[in-house]
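Asks: Just passing along the structure, written as C-alpha cells.
What follows draws every value from the coordinates through simple rules; no lab data is involved. Everything numeric here is computed off the predicted structure, so don't read it as measured data. Note that each Cβ is placed from the backbone with ideal geometry, even for glycine, and that neighbours are counted across all protein chains shown.
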Amino acid sequence: MLSSLETTALVAAGVVAGLVGTAGGITSSVSYPVLLAVGLPALPASIANNIALVACWPGSALASQPELRGRGKWLRRWSLVAVAGGAAGAALLLLTSDRAFARIAPLLIVTGSLALLFEPRLTAWRQGRHPGGSSLPLAVGLFVISVYNGYFGGGSGIMVLTLMLVLIDQHLPSANALKNMLIGASQVICAVVFVLAGSVVWSAAAPLGIGMLAGATLGPRVARRLPTKLLRVLIVLVGFTLAVWLWRNPRY
C-alpha cells in the first residue's frame, strides 16, 4: 500500500508525464522512474505505467480537435493496426523475460530520436523517391512500433510521431495529434490484456492515470504554441536522456 505522499507524487508525475507525452515527448521519461522510486519492481511498474497511459487518450483528443478535424475515417482504419500490434506486444511481455530487451530498448529509443531529428531530410528523400506514397510502409511501421509499445513503450511516441511526419503530415502539431490517437488505441488494448491477466497494481496506476488525464489536456496546446524546431530538439533531448537512464538502469 502506498503512502499519501507517494500517491501525491504519482499524481504530480502523471500531470508532468501527460503534458510531456502528448506534446510530443516521451511520457515514460517521467512516469516510469517515479513508479520505481515509490517501490514498484520493474515489471509491475511497466504494467502500471501502461495502464495509466490510457488516461492520456481522452485528454489529448479533447485538446486536439482542430488538428483531428476530418481525420476520423483515417484514424479508424489505422487504429486497428495499432490495436493489433499493441495486443501482440502486451501478450509478449506477459509471456517472456525482458532481460535481453532491457538492453535493446535504449537503442530503439535512440534510433527513434535520431529519426525525428533528421525527419526533414528523411521526408525530402522519401518524396524524391516515392512522391505518390504507399500505405505499406505505414502499416508495417505502425504495427512494429505498436508491438514495441505493448511490450515496453518508452520512446514509441517519438517513433510514431516520426512515422507520421515522414509519411502522413509534415505539420508537427497535426502529426503529434495523430500520434496521440494511435498510441492511445494501442494503450487501450494493452490495458485490457493486463487487466484480464490480473497483473495491475491499481494503487499506483490510478493516481498516475488521474494526473496524466490532466496533463494530457495541456500537451497538445503546448505543441501548438512552441516553434516546431524547438519542440523537435526538446523531444530528441528527452529521448536521449531516457535512453541513457534505461541503459544505466536496466529494467529486470
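Asks: Show me, for the stretch 82-92, the HN-Hα J-couplings you get by feeding each phi into the Karplus relation (A = 6.51, B = -1.76, C = 1.60, θ = phi - 60°), rounded to Hz, glycine and proline as x.
Replies: 5, 5, 4, x, x, 5, 5, x, 5, 5, 5
Asks: List the chymotrypsin sites (Phe, Trp or Tyr not before Pro) within the stretch 26-114 that fall in a DSSP loop (any state other than H, G, I, E or B) and whose Cβ has at most 13 other Cβ atoms within 10 Å. Before the final figure, lay out the partial values.
Replies: Values: sites: Trp74, Trp78, Phe101; in loops: none.
When the chymotrypsin sites (Phe, Trp or Tyr not before Pro) of the stretch 26-114 are filtered for loop state and at most 13 Cβ neighbours within 10 Å, nothing remains.
Asks: Between (1) 33, 21, 15; (2) 27, 19, 17; (3) 41, 22, 16, which matches semi-axes √(5λ) of the Cα gyration tensor in Å calculated for the structure shown?
Replies: Structure-derived value, by its label: (2).
Asks: A follow-up question, please. List the trypsin sites (Lys or Arg not before Pro) in the stretch 17-89 that DSSP assigns to loop (not H, G, I, E or B) and whose Cβ has at most 15 other Cβ atoms within 10 Å. Which are they?
Replies: Arg69
Asks: For the ranges 86-92, 231-237, 17-23, what's the packing order if you count other beta-carbon atoms within 10 Å of each residue, average per peptide, and put the highest first?
Replies: 17-23, 86-92, 231-237
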